[in-house]
Amino acid sequence: MITRSTTFALGLLLLISGLSLRARELPNFNLLDTRENNVELYGARGKAVALFFTGTGCPIARKSVKTFAKLEREYAAQGIDFWIVNSYADESARDIRREVGQLGLREMTYLLDNKQTVAYAYGVNRTAEVILIDTFSWEPVYRGAINDQLSEGAEKPKATKHYLKDAMDQLLAGDEIATPRTRSVGCIISYPKVSSSDDAPDYATQVAPILKKNCVECHQPGAIGPWSMTSHSRVSNYSAMMEEVLLTRRMPPWDPHPSYGDFIDPQELSRDEEHTLLSWIKAGSPKGEGHDPLTDPLPIIPDWRLGKPDAIIRLPEEQHIKATGIEPYRYIEVKNPFDKDVWLNGMDVKPGNLAVVHHVILYVNWPGAPRDGGRLGQFFYGWAPGASSLKYPEGVAKRLPANATLTLEIHYTTNGEEQTDLTEMAFYLADGPQERKGETRQAIATDLDIPPGESDARHLATYAFKKPATVYGLFPHMHFRGKWMRYELLTPDGKRKTLLHVPRYDFQWQLSYYLKEPLRVPAGSWLMVTGSFDNSVGNPNNPDPTQRVVFGEQSWDEMFIGFFEAADDPEPGLALK
């Protein structure tokens, strides 16, 4: 029999449970700011982060953000970070710059949520909403309006209730937040409609196809992904992690700044694809009725992406990789498969064990060879997870001398189990000498000096084009402390053009960026490569922030190399040899 006292007790229990569960840890995110820096939520160093969501032109947001800026001047010194998040889709850089200037926000952190993923994942429906996040628990302690001065179509002479200010005072004092939630009154944010109804996107016809197209290649048995997308139940178990890696831009691992460069095979999701996945995850990752497409047999992957090779080099013996710990680089000499000089217009790598092969580099040495690979000779081709095959356009090839020594540099990463590997590399022959001689060139800085604890140690390297040339691809290279890298072309007419900017360099994904349209470069031009290292405790990948770091081959040393594929223009009447 349920009595009034029983009902009261049950209600009290539910109330207590609800209070304990009212806030959940907000997922991490990475966004670019208007200065083209990467900003990570979990990288905040203050006691709290206050997020203000906006979009250009919204009158309530424009008025409210001035109060937000005033609060920053008062509370930043007390350990609260203030970040503005623009969550309108496809905002133009010009409109944003104009509004930032008009409202006096140039000194504030202004983030660009141009795919609206952060606002959507955080449940923000209107501009001028603020979320105050405790950086100890990463839970929201207050969300809603800054104060009660503004409402739809009305404005008080001054505010009488100061919600955000009160919440910050209470948080800093260690008190309970008296008013953890209020109603936001800004402009409604429009999100893409990814379902034909109010229900979640359909798993079989919408979600699974996105995963099969973009994710399953790496997330399948034996591949480099740490777990396999072999069924709905597997994906559902990892759905919260999928949300986080989308918001932090860790997956897909394609992270060039969208304003620069147009590259072949960009490994990225569209705005609609990201919202389809996030909407499905937010709805609880339902399977729905019918067949599970992820249980279908995987398509047969061809042995080689460029077709049947003309020659293959293999490791001379099986490599054994230990279960745990750090594997030093291995330098393994392999037999040159050619007894005469050949011209190569394509190369590719087939890792023998995707679960542990981190990168493969081929160095080629012969008398008089360039020494950009040090004692190993010339850097000839490199592969890392996500890297494209090397395929030169018609008329371009790379010369491999008959007497050349071939050395494979292989970096293995341990995964908890002892492993073996027999990696192979494919060569594709051109029909004799070609009009242009393709080369892997580099802008390199070897005089690295990175102080202990330094979070923004900047360096620069240049390359001079003495002859007119064409650039085909760009490949940034640093180690664990690498933070960002930018390629710029300086031409004799005084122009300066950014070719590639990677605002958040990731040593685990050394991607190649092949230009859709090869770039003609006049003689007298300079390629300028700039970048930065983070040798602080704030870098979770840092091997040892107490060490002064210099140039070296091991991962715990550092490198600063802007590799690129290029070929000089042919000289009239001069045959290539």
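The values are calculated or read from the model by the stated rules, or taken from the named source; none is laboratory data. Note that this is a predicted model, so its numbers are computed, not measured. As a convention, Cβ positions derive from the backbone with ideal geometry for all residues, glycine included, and neighbour counts pool all protein chains shown.
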Being closer than 30 Å to His411 by Cα, among the small types (Gly, Ala, Ser) and within 18 Å of the chain's Cα centre (by Cα) narrows Gly261, Gly307 down to just Gly261
Among residues of region 75-97 being assigned to a helix (DSSP H, G or I) and touching a residue at least 40 places away in the same chain (Cβ under 8 Å), the residue farthest from Phe53 (Cα to Cα) is Gln78
Report yes if some residue within region 20-37 is at pLDDT below 50 and in a helix (DSSP H, G or I); otherwise report no.
yes
Does Trp304 satisfy the condition of being surrounded by 15 or more Cβ atoms within 10 Å (Cβ to Cβ) and either modelled with pLDDT of 95 or more or under 30 Å from Asn403 (Cβ atoms) (or both)?
yes
Does Thr405 count as over 27 Å from Val529 (Cβ atoms), surrounded by fewer than 18 Cβ atoms within 10 Å (Cβ to Cβ), over 33 Å from the mean Cα position of the chain (by Cα) and modelled with pLDDT of 95 or more?
yes
Scan region 330-366 residue by residue and report those that are part of a loop (DSSP other than H, G, I, E, B), in contact with a Pro (Cβ under 8 Å, 6 or more places away or on another chain) and more than 23 Å from Lys391 (Cβ to Cβ).
Lys335, Trp366
Name the residue, out of Ala387, Ala369, that is in a loop (DSSP other than H, G, I, E, B), closer than 16 Å to Tyr514 by Cβ and outside the structural domain of Phe560 (by TED's automatic domain parsing).
Ala387
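With the structure loaded, tell me whether Trp484 is modelled with pLDDT of 95 or more and either crowded, with 22+ Cβ neighbours inside 10 Å or in contact with a Gly (Cβ under 8 Å, 6 or more places away or on another chain) (or both) or whether it fails that test.
yes
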If I ask for residues that are within 30 Å of Thr470 (Cβ to Cβ) and within 19 Å of the chain's Cα centre (by Cα), which ones from region 530-559 would you list?
Thr530, Gly531, Ser532
Report, by residue number, each residue of region 422-471 that is among the charged types (D, E, K, R) and over 27 Å from the mean Cα position of the chain (by Cα).
Glu424, Asp431, Glu435, Arg436, Lys437, Glu439, Asp447, Lys466, Lys467
I need the full set of residues from region 115-151 which are closer than 20 Å to Asp175 by Cα and in contact with a Pro (Cβ under 7 Å, 6 or more places away or on another chain), in order please.
Ile131, Leu132, Ile133, Val141, Tyr142
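It is to be established whether one or more residues within region 315-329 are among the small types (Gly, Ala, Ser), assigned to a loop (DSSP other than H, G, I, E, B) and more than 30 Å from Arg486 (Cβ to Cβ).
Filtering region 315-329 down to residues among the small types (Gly, Ala, Ser) leaves 323, 325.
Next, only the ones that are assigned to a loop (DSSP other than H, G, I, E, B) stay: 323, 325.
In the following step, the residues that additionally are more than 30 Å from Arg486 (Cβ to Cβ) were identified as 323, 325.
Checked region 315-329: at least one residue is among the small types (Gly, Ala, Ser), assigned to a loop (DSSP other than H, G, I, E, B) and more than 30 Å from Arg486 (Cβ to Cβ).
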Tally time: how many residues in region 315-354 are farther than 16 Å from Tyr412 by Cα and of a type in the set (Lys, Arg)?
2
From Leu211, Leu164, Leu132, Leu172, residue being assigned to a helix (DSSP H, G or I) and under 30 Å from the mean Cα position of the chain (by Cα)
Leu211
